[in-house]
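> Starting off with a structure, shown below.
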Amino acid sequence: MARHARRSRRRLQVLSLVVLLFVLGFAAGLASSPRPARALSAPVPAPQAPTGLNKINHIIVIMQENRSFDHYFGTYPGADGIPKTAGGAFAASTCNFHPVLKKCLKPYHTSQDTNHGGPHSHGASNLDIAGGSMKGFIKGAASGPQSDPTRVCVEHPTLLKCKNFVGPQKQPDAMSFRIRADIPNYWAYADWGALQDRMFASVDSFSLPAHMFLVSAWSANCTSGPMSCKGSVAPDITKAFAWTDITYLLNQAGISWGYFVGNGTPVDKCYPGCQLDQLSATPPNWNPLPGFTTVKDNGELDHITHISEFEAALASDAIPQVSFIIPSAGQSEHPGKGSMRPGYAYVTTLVNEIAQSPVWSDSAIFITWDDWGGFYDHVNPPAAGDGLGYGIRVPGLVLGPYVKQGYIDHQTLAFEAYLKLIEDRFLGGQRIDDTDGRPDSRPAIPRENRSLLGDLVNDFDFNQTPRSPAAIILDP
């Protein structure tokens, strides 16, 4: 029994030793054989390419002065232009009664670079629209001060000094229109990109409220803070603009912006009572942002600077995400401020510089005019629903790598459509309204949310191959 027990113990010891050697050998084999490294964290997915509106990183709005849609594009093929009969003559509906000549006169073609246009106040707008008939433009042209050149040439159309400012039947140039040969670059932009034939000035009045709408979707007079403001077609430029503008939201969201004005504008000295150079400066009526309390309170007056700063930033892809570009008086195309040719060349040069810069690939460029300037247009503006407009039609053009080619946009649009696009692209759809953290007394439904207003996204095809700008780099 004892010997048997000893043998059993030896067998157990040998077996244990064999098992131990096997285990040690297996472990050594594992240690020496290759094996995949354990992941320390989940793999990082590749960045997604932007889609849709997110392909646009720069929104650029160029606003010129005082031209109606029919004056510039009334004969553009496919657009809602000056009505004609089946025989090609202008329709009877285009006739405007001349109070001196006592007859009805139709639009005429002009190739003159210098124009008078007509008065463009709220009262003049009502005269021109004539209850919706659009037959009051000659009467409107005669409604200015006694010495106004436009009025003089309505009352005395045969004067030698009126020779270039009246048509073949002595109609004032408020009834004039242009053709492709007169402004070929603007028509080329329409051919290449998008032309908007229902872009209405946001307000049926003059430049100051129009530019206020461009940056705030409202025009008002205020006695103190934001809740004291009341909508107005004739705001007082000497008072503070206390309601909220788009720069307040952009500043909160960390979105860069710039408002670029004529190089002769004393942006760092005074507002609005400066002595301005008549050609190189941007008048205060076109430059309201320094009067907004939001801009001052946020310490962003330096965002209002010269056009040369925008041009210098293009080469290094350093322009703001949102840019408003406002001309000097001499480059504005404004009737009564000399030839429109310098303004036309200025816009062409700006477009050329953008097209040849690094920012082209992700930009949307919009060109418009702030009001109708007294020029004839045949479309009765719709009511905006807040007593401030809309005003008479102005041209609207869209350029950029994702713009539809040769597209005519028939949506109803106004300047707040630019704000709507900015808000949708950079602010998650936030509107300038009572939910923006700075309530004011504007109407409860913001202009950007009105059902009548179209959407500028429709002018783009973000699935198309980005388009080369070669065809729009034109001689100014």
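> Kindly indicate which of A91, A79 is over 30 Å from E311 (Cα atoms), aliphatic (A, V, I, L, M), surrounded by fewer than 15 Cβ atoms within 10 Å (Cβ to Cβ) and in contact with a strand residue (DSSP E or B) (Cβ under 9 Å, 6 or more places away or on another chain).
None of the others qualify; the one that does is A91.
> Also, I was wondering about something else. So G338 passes all but one of these: (1) modelled with pLDDT of 95 or more; (2) of a type outside the set (S, T, N, Q); (3) surrounded by 16 or more Cβ atoms within 10 Å (Cβ to Cβ); (4) closer than 30 Å to K161 by Cβ. Which condition number does it fail?
(1)
> If you check A194, A141, A124, A190, which single one turns out to be under 32 Å from the mean Cα position of the chain (by Cα) and over 27 Å from A417 (Cβ atoms)?
Exactly one of A194, A141, A124, A190 is under 32 Å from the mean Cα position of the chain (by Cα) and over 27 Å from A417 (Cβ atoms), namely A141.
> Turning to a different aspect of this structure: Output the residue which, of all residues in region 262-297 that are among the aliphatic types (A, V, I, L, M) and closer than 16 Å to K239 by Cβ, is nearest to the chain's Cα centre (by Cα).
The qualifying residue nearest to the chain's Cα centre (by Cα) is L289.
> Restricting attention to region 345-377, report how many residues are assigned to a loop (DSSP other than H, G, I, E, B) and surrounded by fewer than 22 Cβ atoms within 10 Å (Cβ to Cβ).
Here the count works out to 2.
> How many residues, within region 144-170, are more than 23 Å from R341 (Cβ to Cβ), touching a strand residue (DSSP E or B) at 6+ places or on another chain (Cβ under 6 Å) and surrounded by 16 or more Cβ atoms within 10 Å (Cβ to Cβ)?
The qualifying residues number 2.
> Given (1) under 21 Å from K296 (Cα atoms); (2) outside the structural domain of W286 (by TED's automatic domain parsing); (3) not hydrophobic (A, V, I, L, M, F, W, C), identify the lone condition not met by Q171.
All conditions pass for Q171, except number (1).
> Can I ask one more? Pick from S147, S207, S224: which is touching a residue at least 24 places away in the same chain (Cβ under 8 Å) and among the small types (G, A, S)?
The conditions single out S207.
> Among the candidates P439, P476, which residue alone is exposed (fewer than 14 other Cβ atoms within 10 Å of the Cβ) and either over 25 Å from L388 (Cα atoms) or not small (G, A, S) (or both)?
Unique residue meeting the criteria: P439.
The values are calculated or read from the model by the stated rules, or taken from the named source; none is laboratory data. The structure presented is a predicted model; accordingly, all values stated were derived computationally and were not measured. Backbone-built Cβ (ideal geometry, glycine too); neighbour counts: all protein chains shown.
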